[in-house]
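In what follows, a single structure is set out as structure tokens and then discussed.
The values are calculated or read from the model by the stated rules, or taken from the named source; none is laboratory data. In this text the structure is predicted, and so the values were computed from the model without any measurement. Cβ atoms come from the backbone with ideal geometry, glycine included; neighbour counts cover every protein chain shown. In case anyone asks, the SASA skips ligands and DNA or RNA and just uses the protein heavy atoms, side chains included. Shrake-Rupley method; radii C 1.70, N 1.55, O 1.52, S 1.80 Å.
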Amino acid sequence: MSLNSVRDHLAEAAPELRVLETDASSATVELAAAAHGVEPAQIAKTLSFRLKDEVFLVVTRGDARLDNKKAKAAFGGKVKMLGREEVEEITGHPVGGVCPFGLANSLKVYLDESLRAFDEVIPAAGATNAAVRVSPLRMAEITSGAWVDVCQDPAN
């Protein structure tokens, strides 16, 4: 159902985008990069966090690591990643297929500035073998996402 919810959401919000299904798994950044013929950095990974009672998503470039100090400053407290069992229950997507589209619950979406390095990124699309090619700016429009700077500098 997760893949269908993404298709339904994109058909309404971004009909120009097509879900790409592969025979190969794209459940990790490395597998997704290999399946789509890009560098891992160009994969847009979606992380699920909790801060007190609020759950939200942060989409980053594939090789980015969260900077705890930046995240605390941006979100007003220490964020905690959701457990595997919570991710699918809250987002409607399986781990490895989590994306900011077609969510089971209305969640705030943040996009890390690191994505702006690319004209096109590849987030998952609700399944461990599905993805979408989209510009970071278009992804922000589709998801009503807010831009944040919460990742470590890739040069470090």
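Here are some notes:
- Separation between Cα centres of the stretch 18-74 and the stretch 86-122, rounded to whole Å: 7
- Dipole moment magnitude, nearest 20 debye, the stretch 1-121 about Cα centre, only Lys, Arg, Asp, Glu C-beta charged: 680
- Think of a 1.4 Å ball rolled over the protein heavy atoms: the chain then has 51 Å² of accessible area per residue.
- Gyration tensor verdict on the stretch 1-56 (Cα atoms; rounded if a/c is under 1.5, prolate if a/b is larger than b/c, oblate otherwise): oblate
- Annotation: amide H of Val121 within the under-5 Å range of Val134, Ser135, sequence separation 5 or more or interchain, hydrogens built in the peptide plane.
- Applying both filters, DSSP loop and at most 15 other Cβ atoms within 10 Å, to the trypsin sites (Lys or Arg not before Pro) of the stretch 1-87 gives Arg18, Lys52, Arg65, Lys78.
- Expressed as a whole percent, the accessible surface of the chain that belongs to carbon and sulfur atoms is 48, based on a 1.4 Å probe.
- Net +/- balance of residues flanking Arg61 in space, Cβ distance below 11 Å, scoring K and R +1, D and E -1: -1
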